[in-house]
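The structure appears right after this line, and notes come after that.
The values are calculated or read from the model by the stated rules, or taken from the named source; none is laboratory data. It should be emphasised that the depicted structure is a prediction, and the values quoted were computed from it without experimental measurement. Using ideal geometry, Cβ is built from the backbone for each residue, glycine included, and neighbour counts are taken over all protein chains shown. These area figures cover heavy atoms from the full protein model, side chains too; ligands, DNA and RNA do not enter into them. Shrake-Rupley method; radii C 1.70, N 1.55, O 1.52, S 1.80 Å.
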Amino acid sequence: MTDDTTGKDGETPEIPLEPFPVHRPESPFPPLYESLPPPPEDPPSDWIETADAHDLPTRENALAALGRFAFPPAPPLDDEGVAARDRRWTSRAIFTVAAFLMVFNAVSPLNWSRQQAPGWVQGTVEQLSEVWVAQLAVFGVDQPRQGLREMWTAARQARFIGQAPARDAGSTPG
């Protein structure tokens, strides 16, 4: 039986003293470019070395030329123009979101007004909201919100076998 520390000849193999391997500058693999054959020569062509592809005449689309003539490009915007464009974009985005919410979430101002202390503002908002919600209900805009609300209520009412029934959303523990 042989010991793991001895080699085939019975000699003790050389154990490196450092904990990390030593870098060997010579590689056992030759570089790839030395083993590849040289690339073939370019075939002879009629290419003119001094020619430039951008000097060739090109035919422009007549409609594009007419459009450029009728509507010349505007000069680039300065800082004030960029700021004005950004304000317009922001205003349009806010208006679009507000209109979307006023149509598809019209009941929120009504719920808000019902939670406030009685007063002139609260009463006005409540009356306007009631009319607005009633008008939108004619078109069925409130049906997606009603459907989600019913699904949420059904999920809250769901119980495991043997579990006590759920309390109503507005009830208080007694």
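Residue ranges 135-142, 74-81 sort as 135-142, 74-81 when ordered by packing (mean number of other C-beta atoms within 10 Å per residue, highest first). The label point for residue 128 and the one for residue 85, both projected 7 Å from the Cα toward the Cβ, are 3.6 nm apart.
For the stretch 22-174, the fraction of 1.4 Å probe accessible surface lying on carbon and sulfur atoms is 64 percent. Figure legend: label point modelled 7 angstrom from the Cα of residue 14 along Cα→Cβ; residues of the stretch 29-64 with amide N under 20 Å from it are 29.
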